[in-house]
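Have a look at the structure below before the remarks.
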Amino acid sequence: MRKIYLKEIEKYDGKEVLVEGWIRNKRSSGKIQFLILRDGTDEIQAVAFLPNIGEEKFKLCEQLTMESSVKISGTVRPDKRAPSGYELDITDIEILQIADEFPIQKKEHGVTFLLDNRHLWLRSRRQNSLLKIRHTVYYAICEYLNQNGFYRFDSPILTPNACEGTTTLFEVPYFDEGSAFLSQSGQLYLETGIMSLGKVYDFGPTFRAEKSKTRKHLTEFWMMDAEMAFVEHKKNMKIQEDLIRFVIRYVLEKNMNELEILERDIAQLKKADAPFKIITYKEMIEILQAKGSKIKYGDDMGAQEEEMLTDDSDVPFFVEKWPKEIKAFYMKLDRENPDLSLCADLIAPEKFGEIIGGSEREDDYDVLKSRMAEENMTIKEYQWYLDLRKYGSVPHSGFGVGLERLIGWMSGVKHIREAIPFPRMINRLTP
Ligand code: 4AD
Ligand code: MG
């Protein structure tokens, strides 16, 4: 008999097949038991009918508890009422294990309980859908980069110094060096990569000892950093827009089912596939002030302002040219107004906020060096980075996409902790 996966069930209409999986749920009435069987790819109602399978197998079915593991053989039968359009008439069943009482039941559970049981919570329909969307988003990003000539360039995780300022570094003991730091972003290394390969990206876990307890902060999150030689600020934003719209279309194509399970407003997501506007930091401050915020020119944006700024927008937009004091040392200064950095944050709509940070990079040796001095950085430690401005410096730009933020916005989850298998936050290191 053919072992199949439920996602391809329609190919086996009328055939007898074998499915291996878990029992999500069960109900019975007299001579008939209905088992909701899931195999990771999808779910189906499997019907155990006493006259078909005999007393012995029927009794086995009665023992099944939620999450018990089974091998079920059955005949695929069309059923209009079923979500997948099919049911399975059981012909045989083998029980692999009868599960103990599953801690996560249908009732509402508190979030601490769910996070303590994350290893089991992952099986729920919602979490299964989020994991599938994560898979698609990851793949779509790589696909876009591959189609557009980027080389994958794996930057290190253990690093001797900071990329995004020293306040959020995780320090680990490191032999004779004393300490190493977990990477906050591979960007500085990618800048070395473009001088060899032109366009590069990395994609992996990054770490920030963030004290922020918002719905958008993790201490370990995944970032895709892209970096491009001969690309300036405006073009950099255009490429980000292209990438994000590519990802939206990809998810809409692959994950309609999952978006529905998550009750995502799909019309809203479709609206986001439109040209992205650009506003300046100064304009942003004026908009926020007009909406009643106390924010002043020179302040960074907090979670509250991000919500306020985006509550009436449908399409992501860029906020460009921030005061250099609140942005990173490596950003190129605007030659028309050297108090500003040639950078942009991409802000997702619907009260979400920042999903990408990017900029053109300072390519002048002396300007960069004095910027680093202003930030009290130890020049010697970054000499390798400065070297890039000595040996064939070129205009270049890049950006970093926060994977969980992108997934969080696209799937409409309240907190991005659900967008990663095992979230790490200030108060959460287990399981
Ligand atoms: O804006 P950030 O700090 O930019 C950088 O790290 C640059 N070096 C990237 C680059 O130019 N290559 O971080 C980039 C993105 C943010 O826009 C956000 O989406 C995400 O990473 N991010 C976080 N996601 C979850 N939890 C956190 N604590 C995050 N901090 C940043
Ligand atoms: Mg940022």
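The values are calculated or read from the model by the stated rules, or taken from the named source; none is laboratory data. What you see is a predicted model, and the numbers here were worked out from it, not measured in a lab. Neighbour counts run over all protein chains shown; Cβ positions are idealised from the backbone, glycine included.
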Considering residues of segment 351-362 that are under 23 Å from Leu388 (Cα atoms) and within 12 Å of ligand 1 (Cβ to nearest atom) only, the residue surrounded by the fewest Cβ atoms within 10 Å (Cβ to Cβ): Gly357
Hey, Ser313 without any contact (Cβ under 8 Å) to a residue 40 or more places away in the chain and over 22 Å from the mean Cα position of the chain (by Cα) or not: no
Selected residue (criterion: nearest to Lys270 (Cα to Cα)) from residues of segment 325-350 that are basic (Lys, Arg) and within 15 Å of ligand 1 (Cβ to nearest atom): Lys327
Search result, residues across segment 161-194 that are in contact with a helix residue (DSSP H, G or I) (Cβ under 8 Å, 6 or more places away or on another chain), more than 16 Å from ligand 2 (Cβ to nearest atom) and at pLDDT below 95: Asn161
Options Gln240, Gln187; residue that is closer than 30 Å to Pro275 by Cβ, within 9 Å of ligand 1 (Cβ to nearest atom) and touching a residue at least 60 places away in the same chain (Cβ under 8 Å): Gln187
Unmet requirement for Met284, which otherwise passes all of (1) touching a residue at least 12 places away in the same chain (Cβ under 8 Å); (2) under 24 Å from the mean Cα position of the chain (by Cα); (3) farther than 20 Å from Tyr138 by Cα: (2)
Residue in segment 67-74 that is surrounded by fewer than 14 Cβ atoms within 10 Å (Cβ to Cβ), assigned by TED's automatic domain parsing to the domain that holds Arg24 and outside any loop (DSSP other than H, G, I, E, B) present: no
Residue within segment 256-274 that is in contact (Cβ under 8 Å) with a residue 60 or more places away in the chain, more than 22 Å from Leu333 (Cα to Cα) and of a type in the set (S, T, N, Q) present: yes
Test: residue in segment 45-64 that is in contact with a Phe, Trp or Tyr (Cβ under 8 Å, 6 or more places away or on another chain) and either of a type in the set (Phe, Trp, Tyr) or closer than 25 Å to Leu131 by Cβ (or both): yes
Test: residue in segment 386-397 that is surrounded by 19 or more Cβ atoms within 10 Å (Cβ to Cβ) and near ligand 1 (Cβ under 10 Å from one of its atoms): yes
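Each row is one residue, and each column tells you yes or no for (1) of a type in the set (Val, Ile, Thr); (2) closer than 30 Å to Leu120 by Cβ.
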position: Glu354; (1), (2): no, no
position: Ser359; (1), (2): no, no
position: Val367; (1), (2): yes, no
position: Ala373; (1), (2): no, no
position: Lys390; (1), (2): no, no
position: Met410; (1), (2): no, yes
position: Pro421; (1), (2): no, yes
